[in-house]
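Encoded as structure tokens, the structure appears first; notes follow it.
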Amino acid sequence: MAIKALFRAEDLEGIQSLTGRKYELVRGELYEMVTTLRHGAVTGQIYRLVANWNDGAKAGIVTTDGGFHLERNPDTVRGPDVSFVRKGRLTKEQTRRGFPDIAPDVAFEVRSPNDTWADLVRKAEEYLAAGVQMVVLIEADEFVEVRRPGAEPKRLGLDDVLDGQDVMPGFSCRVRGLFPEEYA
């Protein structure tokens, strides 16, 4: 009989420090986060656009790969490629160590070569169930899909405009702008 060891959120920070690798914790199981150069470039472009908007709006905190403790017993800690948390939802202490026990307001996920679209949709459903207000799934150089609680997914093409709606008021960009020029 095999015994499966489940990890806790408290274990994750130490494991990442020891190994120098990034992981997500999904119902107690570790999943290493390995991405490609292209994935990193697209994530960086999205971060830059959202962070530039936030610099003017002073609306909250923008992170890349920042972990959020979404479920307990067994624990789930997810690190969206880019996330936004509105001002006033996090204390300074929550930003210094560990993984805050909140869901971000917005999660951006870029599909990696080793992810299926169904994998991304499952992750989006998990985020929404945890309280994320808007999930933006990105199929690089093709389209994005915006998911909101209780609403049908909305797919946007390269020439459509991604709008931050009521969650990131004032943020908007053409979907094509989410991708670095060398990939657009």
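Key figures
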quantity: Rounded to the nearest 20 debye, dipole of the chain from Cβ charges on Lys, Arg, Asp, Glu; calculated: 500 debye
quantity: Tilt relative to the chain, helix 9-19 - C-alpha long axis, 0 to 90 degrees, to 10; calculated: 90 degrees
quantity: Degrees between helix 117-130 axis and first principal axis of the chain (Cα, 0 to 90, nearest 10); calculated: 80 degrees
quantity: Gain on full stretching of the segment that runs from residue 141 to residue 91 - 0.36 nm per residue minus C-alpha separation; calculated: 14.4 nm
quantity: For the chain, convex hull volume per residue from C-alpha positions, Å³; calculated: 133 Å³
quantity: Cα-derived Rg over Rh, computed across segment 137-182 with Rh taken as Kirkwood radius; calculated: 0.97
quantity: Area accessible to solvent at residue 141, 1.4 Å probe radius, in Å²; calculated: 40 Å²
quantity: Positive dipole terminus of the chain, leading residue within 130, 94, 164 (C-beta point charges); calculated: 94
quantity: Rg/Rg_ref, segment 109-169, where Rg_ref = 2.2 N^0.38 Å and atoms are Cα; calculated: 1.09
quantity: Lys pairs under 25 Å by Cα in the chain, provided they are eight or more residues apart or on distinct chains; calculated: 8
quantity: Where only alpha carbons of segment 75-184 are counted, the Rg and the Dmax (Å); calculated: 14.3, 41
quantity: Acute angle (nearest 10 degrees) that the helix 37-57 long axis makes with the longest principal axis of the chain, alpha-carbon atoms; calculated: 70 degrees
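The values are calculated or read from the model by the stated rules, or taken from the named source; none is laboratory data. Values in this document were obtained by computation on a predicted structure and should not be read as measured data. Here Cβ is always computed from backbone atoms with ideal geometry, including for glycine, and neighbour counts include all displayed protein chains. Heavy atoms of the whole protein, side chains included, go into the accessibility calculation; ligands, DNA and RNA do not. Shrake-Rupley method; radii C 1.70, N 1.55, O 1.52, S 1.80 Å.
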